[in-house]
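Down below is the structure, laid out as structure tokens.
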Amino acid sequence: MLTILGQKTRFCDGVSRRSFMKIGGLSMGAVGGMNLATLMKVQGAAPVQHSEKAVINIFLGGGPPHQDMWDIKTEAPREIRGEFSPINTAVPGIQIGECFPKLASIMDRLVVVRSVVGCSGAHDAFQCLTGWERRSIESIGGRPSIGSVLTKMYGPNDPGIPGSVALADKTQHVPWSEPGGPGFLGSTYQPFRPNGSGMEDLTLNGVSLDRLQDRRALLTSLDGLKRNVDSSGMMTGMDSFTEAAFGVLTGSRLAEALDISKEPAEVRARYGDGKPYQFQYDGAPTCNEHILLARRLVEAGVRSVTLSFGRWDSHGQNFALVRDHGAKLDQAVSALVLDLEERGMLKNVTVLVWGEFGRTPRINDGAGRDHWPQVSCALMAGGGMRTGQAIGETNRLGEYATLRPVNVQEIIATAYHNLGIDVMNTTLPDPTGRPQFLVDIREPMKELV
């Protein structure tokens, strides 16, 4: 990892860093040595269409329990209904779970989907980032994520801003921190990962941020480092794109966006930090600061931000987990929606909050709920959608959708629509030259657009 020494800052993962510049070097969390310099070269050649439209995709890894969040089953027997009661919201007739009072107070800006179907049952983020099951056209690279599609189609909003950023730190169960890959588009279109792997053991010692503003001084300071890695070819041919890549890390809007110490204390307090981290195990922490970072990144011009929030695989202690994770999610997402609104960004930024599947209606012997891909849930906001709605219903026991089943692909299609993409007609060529639609179900949700 390339570490550039500067002012100390402490992040939500508890690691003391110096001025957020421990960026994972020039790494993209890459396949085949992809680095930020290559990204700059590719994006420099891409068609650029400036837009304020963006998507923030908050993945609840592990499978959130739909019947304990947005679809409380008051008429079900206790062994199914569980411990939570519904609460009223700002929209008459819509109730959600008691762990989400802040979101209830802004329900007029939100959409809850209670009838998500089409979940593959896989324990990863892939479907929530692409709309597809992982095995779809896997032999030619697989399906690209929303962020990679945007980067391919539109390029960056700004020469110093990647089109797509993935904030999730690597989890012990790796698929829960999946960034949203490029699929058949190729590794040059994968997202930038501020904590990505790659040049992990490279350190620039004794170089201040002021000195890094001088590109010549930077390149001179790299001479020794280059000699150490030239045998691998990692730094061969340091050209203008490499210089631009260092510019991204040290002097651009991206660096500013990644420095949350620049946020007013009252804004940071509104989001919270999500600590203490509970029930994390092999999953992601409840890092509220990542949600604040997501807002800063889209404000700087990033088109797509993905992150993983918490570990919702509640085979045991389901209700304690929802109380903990739910309260933190309630604080951070409500803060995000209001923050975007106050900045005039909400109509352009689509917020998705969902997981890979739902959980069993029946509570198990460990006070938990097990995997249930038959139906799931989602929370949506922004993007110019008609909000203040609860869409779909499940039966009395929360087993399956009885009214308006919403396929996973419809949610992805709606996000694409909000981003200004004609989902009905847009295709991208795969490596064989065959045009591929972005999703199979190509109509956005009619209730929202």
(request) Give region 128-151 a look and list any residue that's part of a loop (DSSP other than H, G, I, E, B) and either hydroxyl-bearing (Ser, Thr, Tyr) or touching a residue at least 24 places away in the same chain (Cβ under 8 Å) (or both), or say none. (result) Gly131, Trp132, Ser136, Ile137, Gly141, Gly142, Arg143, Pro144, Ser145
(request) Identify all residues within region 274-315 that are under 21 Å from Glu98 (Cβ atoms) and out of contact with any helix residue (DSSP H, G or I) (no Cβ under 6 Å at 6 or more places or on another chain); write none if there are none. (result) Phe309, Trp312
(request) Starting from residues that are among the β-branched types (Val, Ile, Thr) and not in a strand (DSSP E or B), keep the ones in region 328-377 and report whichever is farthest from Met107 (Cα to Cα). (result) Ile363
(request) For region 376-421, name all the residues that are among the β-branched types (Val, Ile, Thr) and closer than 18 Å to Gly131 by Cβ. (result) Ile391, Val406, Val408, Ile411, Ile412, Thr414, Ile421
(request) Identify all residues within region 328-341 that are among the acidic types (Asp, Glu) and within 15 Å of Arg268 (Cβ to Cβ); write none if there are none. (result) Asp339
(request) Can you give me the number of residues within region 278-291 that are under 20 Å from Ala166 (Cβ atoms) and of a type in the set (Ser, Thr, Tyr)? (result) 1
(request) Could you run through region 47-102 and say how many residues are in contact with a Pro (Cβ under 6 Å, 6 or more places away or on another chain) and assigned to a loop (DSSP other than H, G, I, E, B)? (result) 1
(request) Give region 103-127 a look and list any residue that's surrounded by fewer than 17 Cβ atoms within 10 Å (Cβ to Cβ) and either over 21 Å from the mean Cα position of the chain (by Cα) or in a helix (DSSP H, G or I) (or both), or say none. (result) Ser105, Asp108
(message) Please go through region 44-102 and give me each residue that is surrounded by fewer than 16 Cβ atoms within 10 Å (Cβ to Cβ), of a type in the set (Ser, Thr, Tyr) and in contact with a Ser or Thr (Cβ under 8 Å, 6 or more places away or on another chain), ordered by number.
(response) Thr74, Ser85
(message) So, in region 387-435, exactly how many residues are outside any loop (DSSP other than H, G, I, E, B) and buried (at least 18 other Cβ atoms within 10 Å of the Cβ)?
(response) 18
(request) Taking the options Thr286, Thr360, name whichever one is under 27 Å from His173 (Cα atoms) and without any contact (Cβ under 8 Å) to a residue 24 or more places away in the chain. (result) Thr360
(request) Answer with yes or no whether Gly310 is at pLDDT 95 or above and surrounded by fewer than 24 Cβ atoms within 10 Å (Cβ to Cβ). (result) no
(message) If I filter region 133-167 down to residues being surrounded by fewer than 24 Cβ atoms within 10 Å (Cβ to Cβ) and hydrophobic (A, V, I, L, M, F, W, C), which single residue comes out as farthest from Thr350 (Cα to Cα)?
(response) Ile140
(message) I'd like the full set of residues that are under 20 Å from Gly121 (Cα atoms) and surrounded by 24 or more Cβ atoms within 10 Å (Cβ to Cβ), limited to region 369-386.
(response) Arg369, Val375, Ser376, Cys377, Ala378
(message) Tell me whether region 152-162 contains one or more residues that are under 27 Å from Val298 (Cα atoms) and without any contact (Cβ under 8 Å) to a residue 60 or more places away in the chain.
(response) no
(request) Any residue in region 100-117 that's of a type in the set (S, T, N, Q): show its pairings with residues that are part of a strand (DSSP E or B) at Cβ separation under 6 Å, as long as the two are six or more apart or on different chains. (result) Ser115/Ala401; Ser115/Val406
(message) Would you confirm whether or not region 340-355 contains a residue that is over 13 Å from the mean Cα position of the chain (by Cα) and on the phi > 0 side of the Ramachandran plot?
(response) yes
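The values are calculated or read from the model by the stated rules, or taken from the named source; none is laboratory data. Note that the coordinates shown come from a computational prediction; the quantities given were computed from them, not determined experimentally. Neighbour counts are summed over all protein chains in view; Cβ atoms, including those assigned to glycine, are modelled from backbone coordinates with ideal geometry.
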